[in-house]
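Data first, discussion second: the structure below is written as structure tokens.
Just so it is clear, none of the values below were taken in a lab; they were calculated from the coordinates. Only a predicted model underlies this, so the values are computations on that prediction, with no experimental measurement involved. Glycine gets a Cβ as well: all are built from the backbone with ideal geometry, and neighbour counts include every protein chain shown.
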Amino acid sequence: MLEILQDTVIDSVKLLPFLFIAYLLMEYIEHKISDKSKEKIKKSGKFGPAIGSFLGIFPQCGFSVAATNLYAGRIITLGTLIAVYLSTSDEMLPILISEAVPIKAIIGILAIKFLIGMAYGFLIDFYMNLKNKNKNEQSKIIDICEEEHCHCENGIIKSALKHTVSVFIYIFALTFIINLLVKFVGEETIKNFMSNSTIFEPAIVALIGLIPNCASSVIITQLYLSEIIGFSSLIAGLLVNAGAGILMLFRINKNLKENIKIVVLIYILGAMTGIIMSFIW
């Protein structure tokens, strides 16, 4: 239990800087920038999927949390959020490096995640733009203080700190529960199950990737290094592995139906990509 608590503290604390920076940026945009400037910020986000996918490949799970906050405030697009989720690497990179995997192979995996995340992100934004254009609708940047009913009038730093602490408690509690479940099930049980998997192995591994915790990326990477799963399954699981970003999505974005659709979407994209790659390879 002490080990689980320690892991929970480490997983949660390392998200704090990303949470605070994200909320600080959102507070600044909400309270210091005019409506006209906000619209310019939104329009400049057409390159968001490329930028988000690039930043997502670096080994940290905090950026997906920050991106989720920015999406909840409608500062970034849905395509950018999906690009970040699909490219997020979590603990994969440190494990591959520690296991002396060739640099070429590591760069190849990161490049595939980056390109896939960026491509899907642009496609989703293209579809959403057509959809909104046909409906003649324009979504506006949402005021988080208004949405959260927190009455933040004492400056953007205090407001950002208040939001950060509130969300940190939520993430800490859920991460603790997830760590308990992972410990209860056990990595060996998951490995044994995967060793008997079928042609739909990428779809099964993608389900493991949906676990909103750094442990899932560790398990998937170790399964690949142990040659229990193939390369296509590795990609499928890591594409879906958005870390604590999914936890944050259900906490900060009030549209439950939309949240479920986003989770289903990244699962379908990850599993489908893995299955297609398994036939190509």
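Observations, loosely collected:
- Taking 7 Å steps out from each Cα toward its Cβ at K158 and I10 produces label points 3.7 nm apart.
- Between I260 and L225, the modelled label-to-label distance comes to 3.8 nm, taking each label 7 Å out from Cα in the direction of the beta carbon.
- Filter on K46/K113; K46/K183; K158/K254; K113/K158; K104/K183; K46/K257 - keep pairs with C-alpha separation over 30 Å: K46/K183; K113/K158; K104/K183
- Note on V165 and I280: with the Förster distance fixed at 30 Å, the Cβ-Cβ geometry gives a FRET efficiency of about 0.05.
- Relative contact order of region 196-281, taken over Cα pairs closer than 8 Å and 6 or more residues apart, is 39 percent.
- Two-site label geometry, L207 and I21: point separation in nm, points 7 Å out along Cα→Cβ: 3.6
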